Structures are given as structure tokens and as C-alpha cells.
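Some notes on the structure that comes next.
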Amino acid sequence: MTSKQIITPEIHSLIDPVISNLKRHQLIEDKDVALTIAKLLMKVISVSKWSNPQELIEIIRKVGLIIHKSYPRKIIPGNIVRRVLFIIREETIEEEDNINSNFPMMSSMFSLLTTNKRKEDQIQVAKPKEKTSDLRSIIAQGIRELIDEISNVNEGIENMIADLIHDNEVLLTPTPNSDSVLHFLIKAKTKRNFTVLVTENYPNDIEKSHYFVKKLAEHKIETILIPDSTSYAVMSRVGKVIIGTNAVFANGGCLSNSGVSQVVECAKEHKTPVFAVAGLYKLSPLYPFTKDDLIEVGNSGKVLNYDDYKLIENVQVVTNTLEDYIPPDLIDIFITNIGGFASTFIYRIVLDNYKVEDNKLD
């Protein structure tokens, strides 16, 4: 079956609007991206024609490849595709194990008393007919559980607060656009009193920084908005640095907001612990071999206003990077919805949720 035959017009009609939303940045929040891809794959499985799990795997891989090529710097869609492939492969292996575990006992008991013809008949009886509809419903249930996991990711992360934050501690976060960090701090307030320093994240997230500070203040959390340039000056007073993540790689490194790299470097210099908050769906089986290809670039007009045309004439390149790559040695603990882990242990969590054969979708 060729690629054109695998991806039918019905499947294309489902994929195209999602790709369009990704390219136009109409899907901004990481959780929204993950939920959209998971729901898309559930629809693809329901409308596609397949007679065995291998055909379904091929369809999902092709869909994942199309999404990846349309937006190669976005890691989360590929994660969700691989998680769904993991679900399909696990269900297939379980079904085969059930068949194999039943048949050998039957064949060994009667092998001395039956003819070859009779044994062939037993094989036919022992192997159930493949029920595509049953497998379809089982896989759909697996994806629904994945959707529930993504939807409730903040609840799992919040459960760890009591052991991580102390009373009257000063915290610093350079990622005010992180919904998980916001919920984490609000939940922590119910058990601890603390102060939060929030960097303004110039030039891309100033409005989000103000919103973040306002939400914390509404929950009676003492919050101070500071310029990015003062991170090193205040670090000696900071007890912990808490960062949000956009993606976490198998080596324990991660992608986060532009400017986070300098903050965690300052934290390392002052021996201040760095906690990275990440839902399980952000963990990727990939390795960041080509870091520059992973970094997305935004509107350079935010860095240097186009009205300053005289200054622009003397500048060759103006770059506005939207993300930083954070090496694993700069992060002490990853806080996920299934627990806290050292960066050196992330590869083990990845192996529990992805199949090695799906690392490359092409």
C-alpha cells in the first residue's frame, strides 16, 4: 500500500485544519496542542480503513510525519503520535501473548494422542479471529486515558508541593507563560507562605508576566516583578528556581523560554536548586543533536523597533529567539505528574512510554 493510498481524502480533511492552526500559531498552549493531536488521532483511527494493527501503525506514522514536516520545531505533536503508537503496539503484544499462552498448553497435553490433522484443527480453534472492531475500541479507550492524563496534568504536579517548598522561602520563576508553574505556586500557597520573583521576559512575554503576577497576587502570594537583567543580583536570596518547559529530551535537557538559560546559569553559580515543571506528554524520546534546529525565531521587530531605521541601518542581524536549550546538568529535578526525577533518570521514563522503533517516523 503506497503513502497516497494510506492517507485517504477523509484523513487529509482531518489533518489539514490542525496543521493550519499550528502554522498560524492559533494553537499556542502546549496542553491545547497535545489534546488537539490526541483527538485528531482518535478520529483518524475511527475513519481509516485497516484490517490489522500493522496497517494502523503505518497510517499513524504517516500522519505523524505529515504533521512533523509542517512544523518541525514543535516537539509535542510528535510525542503524542509516538504515545499513541505505543498504545497500539502494547495492545497488539498483549493480544499475541494471550493467544500464545493458551495454545502451547493445549498442544503439549494432546501432542502424544492426536494426529497431525487433529493438531492443525486445534491451532485453528486456539487462534481467535482478529476482531478489528474490538481492537479499535480498545485503542480508543487507551487514547481517552491519554487525553485524561493530559487534561489533569496539573493535578499530578501539584501533589508534590509539600516536600519541595519551605515556609518563608524566596522563589524565582523566569517562565511566567507556564500554566503548570502558575497552578503549582497557587496550590503551594495553601500549605506554605513564600515570596515569588518573576522576570518580565522582555520582549516576548511582558503581558503574560503582568498577568502571571496579577494571578499570584489575587491568591495572596507576595510577588515581585523584576527585570531580566537583575537575575544574578537577586540570586543569592533565592531558595529555588522553578521553570516551565516546552519539551524535555531523553538526555534530560529541555527547551524553555528565551532568557531561562542565563537564569539557570546564575543559579548554578550560586548553587541554587533548579526545578523544571513538565507534564509527561512533554517528554520526548529524541536527543537534541542539532540544538540550533530546535530553536524557533520570532519577530525581530520586538527586539529593535522598525521605527529606529537609522539604528537598523548599522545593524547586520537582529535575532529574536523564542526558546533556549537547557542542558541536563543545569536542572536538579524534573517535577512531572507521575513524580519527581533527576535529569539523569529521564531516559528511563521515556523507555516506559515510547517504543524505540517509533523514534523515527519516516
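The values are calculated or read from the model by the stated rules, or taken from the named source; none is laboratory data. If you're wondering where the values come from, they're calculated on a predicted model, not measured in any experiment. Neighbour counts are summed over all protein chains in view; Cβ atoms, including those assigned to glycine, are modelled from backbone coordinates with ideal geometry.
Just checking, which of LYS208, LYS220 is outside any helix (DSSP H, G or I), assigned by TED's automatic domain parsing to the domain that holds LEU322 and of a type in the set (D, E, K, R)?
Working: LYS208 fails: outside any helix (DSSP H, G or I).
LYS220 is the lone residue from the list that is outside any helix (DSSP H, G or I), assigned by TED's automatic domain parsing to the domain that holds LEU322 and of a type in the set (D, E, K, R).
Hey, can you tell me all the residues within the range 226-247 that are assigned to a strand (DSSP E or B) and surrounded by 19 or more Cβ atoms within 10 Å (Cβ to Cβ)? Quick ask: steps written out before the conclusion?
Initial filter on the range 226-247 (assigned to a strand (DSSP E or B)): 226, 240-244, 247.
Of everything in the range 226-247, those that are assigned to a strand (DSSP E or B) and surrounded by 19 or more Cβ atoms within 10 Å (Cβ to Cβ) turn out to be LYS240, VAL241, ILE242, ILE243, GLY244, ALA247.
Taking PHE341 as meeting all but one of (1) without any contact (Cβ under 8 Å) to a residue 12 or more places away in the chain; (2) exposed (fewer than 12 other Cβ atoms within 10 Å of the Cβ), write down the number of the exception.
(2)
Quick check on the range 159-170: of everything there that is of a type in the set (Asp, Glu) and over 15 Å from PHE334 (Cβ atoms), which residue is modelled with the highest pLDDT?
The extreme case among them is GLU169.
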